[in-house]
1. Measuring from label point to label point, each 7 Å out along Cα→Cβ, what is the S15 to E45 span in nm?
2. If the only charges are +1 at each Lys and Arg Cβ and -1 at each Asp and Glu Cβ, what is the size of the charge dipole of the chain around the Cα centre, to the nearest 20 debye?
3. Using θ = phi - 60° and the Karplus form 6.51 cos²θ - 1.76 cosθ + 1.60, what ³J(HN,Hα) does each residue of region 14-21 get, whole Hz, x for Gly and Pro?
4. Once every Cα of region 5-80 carries one equal point scatterer and solvent is ignored, give the base-10 log of I(q)/I(0) from the Debye formula at q = 0.18 Å⁻¹, two decimals.
5. To the nearest 10 degrees, how steeply does helix 85-96 sit against the main Cα axis of the chain, on a 0 to 90 scale?
6. Net charge near V108: determine it from the other residues with C-beta under 11 Å of the C-beta of V108, scoring Lys and Arg +1 and Asp and Glu -1.
7. Considering only the other residues whose Cβ falls under 14 Å of the Cβ of W95, what net charge follows from Lys and Arg at +1 and Asp and Glu at -1?
8. With all pairs of different alpha carbon atoms counted, what Kirkwood hydrodynamic radius in Å does the chain show?
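Just so it is clear, none of the values below were taken in a lab; they were calculated from the coordinates. Because the structure is predicted, anything quoted here is derived from the model rather than measured. Here the Cβ positions follow ideal geometry from the backbone for every residue, glycine too, while neighbour counts run over all protein chains shown.
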Amino acid sequence: MIPRNPEDVHAPLTSYVHQIEVPSSARWLVLSGQLGQHPNGSVPEDPIAQVEVALENLSRNLAAANMTVSDVVKLTIYLVGEVDAAARRAVFAHWLDGHLPCMTLLYVSALAAPPYKVELDAWACRATPERTDT
C-alpha cells in the first residue's frame, strides 16, 4: 500500500492520510458497520466506551480474515451527538498504533436504535505476494 498526502491539499486534520494506493494483487475485506455492542448484546451508555467496543469488534472481524489494523485502508466513523474529541482521538490513536488509514468522520442524527451512539465501518486489504511460478 502506498499512503500519500499530496502537497497541494491541506494537511490531514488528525491521524489519517488523504489517499492510499492499493496494488491490483491485494486481497480486500469490506466490513459492515460495527456498533459499540458487546458480544453478549449489552451496549455501554458512554459513547467513548462504545468507540472502544466497536474497535474491538473491528479487530475481531479483521482477525477472522487473518488481517490486522495495519491492513485497514479506510475507516468511516459515525457519531450521534457530542463525543469528547480528545478522548475519541486518544482511543483511536491507541488502536491505530501509528497506522494511518484514510478516514471520514460523520455526525448523524441517529443510528439503528437509540442506544447506539457510535458506528464504524472499514475497508481493509492485504497485498498478496506476486506469483513467480508461472
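1. Result for the modelled spin labels: 2.9 nm.
2. The dipole of the chain has a size of about 220 debye.
3. Whole-Hz 3J(HN,Hα) from phi for region 14-21: 8, 7, 7, 10, 6, 8, 9, 8.
4. Normalising to I(0) and taking log10 leaves -0.88.
5. It works out to around 40 degrees.
6. Charge balance near V108 sits at 0.
7. So the environment of W95 carries a net charge of -1.
8. Working: mean 1/r = 0.0632 Å⁻¹.
The Cα-based Kirkwood calculation yields 15.8 Å.
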